[in-house]
Amino acid sequence: MNAKTIANGILRAVAIMVGVVLLGWFFYKIQSVLAYLAIAAVLALLGRPIVLFLRRKLKFPNTLAVVVTMIFMLAIFLGILALFIPLIAEQSKNLSLLDIEALKADLNTLYIQTLDYFGASTGGFNTLLNESRIEENVLQGMDLGFIPNFLNSFVNALSNFSIGLFSVLFISFFFLKDSKLMQNGILTFVPDNKESNLVKSIDKINNLLSRYFAGILLQLFILFVIYTIALLIVGVENAIVIAFLCALFNIIPYIGPIIGGVIMITLTMTSLLGADFSTVILPKAMYVLIGLTVGQLIDNFFSQPFIFSTSVKSHPLEIFLIIIIAGLLFGVVGMVVAVPGYTAIKVVLKEFLTEYSFVKKLTKNL
């Protein structure tokens, strides 16, 4: 190997590294566009069965079927948004007039009532509390001034919402109208001898992910119904909105249900401040906790196994490990996209690397 060959190899490696860095920088700069494409692709997968039903069963023309599907999906979105408008308007007004000290006092009152009920304010521990004045100052060091700042950030984000919504709807329309649009775009970067394998992969991925996202919607709907019933029994205001919000957190595997449960119980208890803790607040919080437990049991032993086995065709333990690894590598976003991404990778491996025994065993159920 002469010096010229070594130099060419070094230059080639440097060029590849520079190309990868530039490509990463380019993707970073257009991340909002990539997000629009990803959301539009998910909506297209969800709307695809509706379009096929309208075309095959009701004999709608393709364009009309897509338009009806888009209107139906937009109506569902606006209906959900309409549920939140009264709550958002009310909370925005409250936050604009927010008395941070009053909020601290309310949370501190709930804290003291909890300690009193469980006997934490008796005996030696009571002396410790009195000396340290924890009961009076438990939230003294907590800076709740972030709430108005967060609200301002949220309003600024909403200013860009219309652009994002239009972009997603526009892209989704063409993805539904021409189901091969994305496929044709990808094929431009694939050698001719690999096109047939890639087409099979894309069709398989579309079918699997369509069932997966439909299963996720079913999962969220079941949890929404259970949470709504629990909150209505307790008598919490805005039960439907709170139930929907907490059910929506289940999109985030494992962590989401915990966050949603904490929010639901906290809102239940703070909405009852002023009532007797032992006879009103605690029992109603327990009823909500029972509703959460029932919802999670049904989700863990019915919804999730059903979704994983019939849609992405993966074992629940396999999915668990993939979600944990993706979470460690990429955080919450990784946990959300772990299952769809892993499913797509498995399909591609089956089509392109089927000669390897490991790939055969991994994708035998696909």
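The values are calculated or read from the model by the stated rules, or taken from the named source; none is laboratory data. These numbers come from a predicted model, not from an experiment. All Cβ positions, glycine included, derive from the backbone under ideal geometry; neighbour counts span all protein chains shown. These area figures cover heavy atoms from the full protein model, side chains too; ligands, DNA and RNA do not enter into them. Shrake-Rupley method; radii C 1.70, N 1.55, O 1.52, S 1.80 Å.
Points worth noting:
- Compactness index (Cα Rg / 2.2 N^0.38 Å), region 195-365: 1.27
- Residues T270 and K360, FRET efficiency given R0 of 45 Å [Cβ-Cβ distance, rounded to 0.05]: 0.25
- Extension gain from V14 to H315, taking 0.36 nm per residue of separation minus the Cα-Cα distance: 104.2 nm
- In straight-distance terms, cross-link reach from K29 covers every one of the lysines whose alpha-carbon lies under 28 Å from its own, apart from those fewer than eight places away in the same chain; here that gives K180.
- Estimated FRET transfer efficiency when R0 is 41 angstrom, pair K57-M286 (beta carbons, to 0.05): 0.30
- Based on protein heavy atoms only, region 195-365 ends up with 51 Å² per residue of surface accessible to a 1.4 Å probe.
- For region 2-54, the equivalent ellipsoid derived from the Cα gyration tensor has semi-axes of 44, 14, 4 Å, listed largest first.
- Cα-Cα over 31 Å, subset of K200/K361; K177/K204; K177/K361; K57/K313; K57/K200; K59/K364: K177/K361; K59/K364
- For region 195-365, the relative contact order is 27 percent, taking Cα pairs closer than 8 Å that sit 6 or more residues apart in sequence and dividing their mean separation by the residue count.
- Each Cα pair under 8 Å and six or more residues apart adds its separation to the average, and for region 278-360 the resulting relative contact order is 14 percent.
- Ordering of 204-211, 52-59 by packing [mean C-beta count within 10 Å, highest first]: 204-211, 52-59
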